Amino acid sequence: MSTNGHVVTPKAVEIGGSNRRRQNGITSEKVRLDGNIARRKVKAKEFFWWDTELPGFGLRAFAAGSKSWFVQFRQRGKQKRITLGRPPELGAEEARVLARAQLAKAALDGLPAAPKAKGKRGNATLFRDYAPRFWADYARHWKPSTRKGNRARIFKDLTEIFGHQRVDAIRKADILRWRDSWANRTGAFNRTIPILSVMMGYAEQLGIRPRGSNPCKGTPRFKRKLVDRFLSAREFNRLAASLRAFEETDPIAVQAIRLLIYTGARHGEVVGLRWEWVQPPRLMLPDSKTGAKNIYLNRQAQAVLAAMPNKAETGLVFPSVRGDKPIALSIPWLAIRQHAALPDVRLHDLRHSFASIAIADGISLVVIGKLLGHALAETTERYAHLADEAIADAAKRVSGSLAKCLGIAA
């Protein structure tokens, strides 16, 4: 066996004539690794799957139930095992690409490098080859929900568009052509270009691109009209009646929606809420869209939590039917809003309505921003026009009262 390359493991004991082996008390199996294998459950304390196509590439299942992709090889006489990521955040094919790159790197270690041609850039990394490296280095810094969306945008959208190009050859003109081609996908473009900008910035740090050459900088995003929907008092009355109508058939969903109404919290903050974070008069969230966050509980919100039948020291406050995952509100919300004749109201509009009522009650934008957990004051400024309307209405009422006192027609 060569000094560098994948590891050829010692002969193991065969189990029942199958592909399974047992060695040093650990069971392993040779299979073609894919997403189906990653979803398998094992009863063994620890289990290894080895890929039949790419020697050294494997999937490890731990006793606690978690799994991790890895690649094992020998480099300069020493055996190494590198963890590539965990499913489902990292898919099987993406892990295979990363494993192949690590094996190639190990095989070339110690060999003399080809001399660089003078006057030319020695790095010719294609975007499709750079994407797995960026993902392996950078994805761990994103939250799980962010990783899930960004993975598709990198390996599907961006790789499809820029995969054939050299990373150092992507120019401003390429970004603008992409922008024009996505004129009918304005929201997707606005969400994807920050990811590409981070990738280009990281390429600069790796020396793949020249410093200060990020082609995404200064590229205008598409202007989109923010859809703000605020419930009126009559609409809140209809919604309350519909919630009462669904209370017997779907009590957990109804209580979760009520907590959204009374707190102005984000949908994910409520459905993912755990009992250990409930510390009246507040919810102490260890993480949220803007980091650690406190949500203040008014009397009505505390009553919602007090009425929950599954109160406990730990665990989900609003579990699904199976109990191991947060409740999904999309289906019950469709039925409830249809019953209330509010077909255009989204769950997030309950948060907007919370802010609009606060403004109508004279609460300042600064305080509203703290109630909603906005990290930036600019985010709360979207409600400024409501504050202006409330002030104008107050001025109108005051002037009307003064005119009446002065005997002037209002």
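What follows is calculated from the coordinates using simple rules that are stated; it is not laboratory data. What you see is a predicted model; the values in this text were computed from it and never measured. Don't worry about glycine lacking a Cβ; one is built from the backbone with ideal geometry, like all the others, and counts go over all protein chains shown.
Positive-end ranking of 222, 176, 203 along the dipole of region 169-240, with charges on Cβ about the Cα centre, is headed by 222. Packing, as the average of other Cβ atoms within 10 Å across residues, places the peptides 77-85, 27-35 in the order 27-35, 77-85, highest first. Restriction of the GluC sites (Glu not before Pro) in region 243-299 to DSSP coil positions whose beta-carbon has at most 15 other beta-carbons within 10 angstrom yields 247, 248. Label zone (residue 64, point 7 Å along Cα-to-C-beta; backbone nitrogen cut-off 18 Å) within region 79-99: 83-90. Placing a pseudo-label 7 Å from each Cα along the Cα-to-Cβ vector at residue 229 and residue 274 gives an inter-label distance of 3.3 nm.
In this label model, residue 52 and residue 241 are separated by 6.4 nm, measuring between points 7 Å along each Cα→Cβ vector. Qualifying trypsin sites (Lys or Arg not before Pro) in region 183-252, where qualification requires a DSSP coil assignment and no more than 11 other C-beta atoms within 10 Å, comprise 211, 223, 224, 225.
Fully extending the segment from residue 42 to residue 156 would add 37.9 nm, taking 0.36 nm per residue of separation and subtracting the current Cα-Cα distance. For the pair residue 363 and residue 321, a Förster radius of 45 Å applied to the C-beta separation gives a FRET efficiency near 0.75, rounded to the nearest 0.05. When peptides 143-155, 56-68 are sorted by average Cβ neighbour count within 10 Å, with the highest value leading, the order is 56-68, 143-155.
Under the convention that each Lys and Arg Cβ holds +1 and each Asp and Glu Cβ holds -1, the size of the dipole of region 145-188 around its Cα centre is about 200 debye.
What the Cβ-Cβ distance of residue 104 and residue 146 gives, at R0 = 25 Å and to the nearest 0.05, is a FRET efficiency of 0.30.
Computed extension length for residue 180-residue 312: 42.2 nm, one decimal, from 0.36 nm per residue of separation with the Cα-Cα distance subtracted.
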